[in-house]
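Structure first, commentary second.
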Amino acid sequence: MSIQRFHVGQRLSETAIFNKTIYLAGQIPDDITQDIVGQTTEVLGHVDRLLAEAGSDKTRILMCQIFLSDISHISGMNQAWDRWVAEGNAPPRATVQALLANSSWLIEIIVTAAQK
């Protein structure tokens, strides 16, 4: 079976697909002036776009890992998450505090999903 890669850069690919499983790289906000709700909403939009490109959507997420720069942001992150997550399809999820590569990022999200 071949591996498909999308948005391939020198350091990473945004998406890899193997055996009908989609792996997204950590998704980060572009607009770092936003608060945690805004950054989370933007990042979830990136997830939606990449999953659509790969032939899937948020109802097919198998696992989600969320990294917050400060765990005190969990309430605001959950506010955006709860508006976004597909009812009846909340995926397994882990949320942890982490030192992110850019101090302006409040969140990074990694998703694994199944193709349709």
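A short reminder: the numbers here are calculations on the coordinates, not readings from a lab. Bear in mind the structure is a predicted one, so any value in this text is a computation, not a measurement. Methodologically, a virtual Cβ is constructed for each residue, glycine included, from the backbone with ideal geometry; neighbour enumeration extends over all protein chains shown.
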Original post:
If you keep only loop residues by DSSP, which trypsin sites (Lys or Arg not before Pro) in the stretch 1-78 have at most 16 other Cβ atoms within 10 Å of their Cβ?
Top reply: Arg11, Lys20
**OP:** Apply the Karplus parameterisation 6.51 cos²θ - 1.76 cosθ + 1.60, with θ equal to phi minus 60°, to every residue of the stretch 27-40 and state each ³J(HN,Hα) to the nearest whole Hz, in sequence, with x for glycine and proline.
**Re:** 9, 10, x, 8, 9, 7, 7, 7, 7, 4, 5, x, 5, 5
Original post:
Can you pull the percent of Cα pairs in the stretch 67-116 with separation above 16 Å?
Top reply: 47
Subject >> Built amide H within the under 5 Å cut-off of Gln27, gap 5+ >> reply: Ile109, Ile110
Original post:
Once the Cα atoms of helix 74-84 and of the chain are each reduced to a long axis, what angle between those two axes, in degrees from 0 to 90 to the nearest 10, is obtained?
Top reply: 40
Original post:
Where nothing but the Cβ of Lys and Arg (+1) and of Asp and Glu (-1) is charged, how large is the charge dipole of the chain around its Cα centre, in debye to the nearest 20?
Top reply: 540
Original post:
For the charge dipole of the chain, defined by +1 on Lys and Arg C-beta atoms and -1 on Asp and Glu C-beta atoms about the Cα centroid, which residue among Ile71, Leu106, Pro91 has the Cα displaced farthest towards the positive pole?
Top reply: Pro91
**OP:** In vacuum, with every alpha carbon of the chain counted as one equal point scatterer, what does the Debye formula give for log10 I(q)/I(0) at q = 0.17, 0.18 Å⁻¹? Two decimals, please.
**Re:** -0.80, -0.90
